[in-house]
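The values are calculated or read from the model by the stated rules, or taken from the named source; none is laboratory data. Since the structure is predicted, the reported quantities are computational estimates derived from the model, not experimental observations. Cβ: placed from backbone, ideal geometry, glycine included. Neighbour counts: every protein chain shown.
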Amino acid sequence: MGREQNKIKFPPEYYETSTDLKENLCKYKVAVEQIKAKYEPYLLKDFSDKRFNSDLSKITVGKFEKKIHKNINDEVEYARLLTLYKLGDTTKPGLEKLVRFAERYDSPKMAAMFKNKLQIAKAQRRLIDVKNLVRGEIADDLMRDITYNVKPDGVRAEYPIDWVKKLNKLNSELEKKGLVLDGQGQDDKIRESWSNICRDAEKLFRTTLQEQEAQAKSSRERNHPQGTRTSELVNSR
């Protein structure tokens, strides 16, 4: 793939800043889906088989596949950093990465904008924006869930994580306790609520996963009883 083919083509509204967590996470999901669609043809088994059966050496094919996975990881990371930026992360570490990724995967206009923001951050010696720390931590957790579901470099999750339910639960908890994400001095209480939500969601997810796998196994055994008995006899020897 050439350098121009590596360029990301997000719609203009994707770059609009907003403190709305759900809105930004939905845009992140669209971005990850777009990255998956862009590279999926290069990850299909038929495509890999054709490359291995061609005159290309396995080393050449291996290098190509390694480059594809690097591009995917880079573009997903760029989408993640863009999401945090839109939520208020205008700190030096984040902006330095945004400049690098924008130069490689986005437009000169975006790279120039991030360079300008970086110069401002350096002048202000701002390393962390305490006001947006908790919001960013929660966004990062939910972006991991979204990436797990979409799996841009592989097969989509058979049993996806319900990240929207977790976010709705958080909003409900914050409203009940009179907390807001941008509230000063409320970080610890918000983190505690979020930690409990994540713990409960993880427990429910694992239980559901075990139940669904058990149902799938039971269904296979009903559909192929003879094969199952034969397998059991072989394994018992």
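Miscellaneous remarks
- Within the range 11-30, considering residues that are in a helix (DSSP H, G or I) and of a type in the set (D, E, K, R), the one surrounded by the most Cβ atoms within 10 Å (Cβ to Cβ): Lys27
- From the list Asn149, Asn116, Asn168, the lone residue that is in a helix (DSSP H, G or I) and touching a Pro at 6+ places or on another chain (Cβ under 8 Å) is Asn149.
- Residue within the range 148-161 that is under 25 Å from Lys97 (Cα atoms), among the hydroxyl-bearing types (Ser, Thr, Tyr) and modelled with pLDDT of 95 or more present: yes
- Checked against the criteria, Thr60 does not count as within 20 Å of Gly88 (Cβ to Cβ), modelled with pLDDT under 85 and not acidic (Asp, Glu).
Results for (1) surrounded by 13 or more Cβ atoms within 10 Å (Cβ to Cβ); (2) without any contact (Cβ under 8 Å) to a residue 24 or more places away in the chain, shown as yes or no for each residue.
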{"site": "Asp162", "(1), (2)": "yes, no"}
{"site": "Lys165", "(1), (2)": "no, no"}
{"site": "Ser172", "(1), (2)": "no, yes"}
{"site": "Glu175", "(1), (2)": "no, yes"}
{"site": "Gly185", "(1), (2)": "no, yes"}
{"site": "Asp200", "(1), (2)": "no, yes"}
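- Among the residues of this structure, Ala214 counts as one that is modelled with pLDDT under 90, outside the structural domain of Arg135 (by TED's automatic domain parsing) and under 30 Å from Lys36 (Cβ atoms).
- Residue pairs meeting the criteria (Cβ under 6 Å; at least 6 apart or on separate chains; first at pLDDT 90 or above, in the range 64-81; second among the basic types (Lys, Arg) and part of a helix (DSSP H, G or I)): Leu81/Lys97
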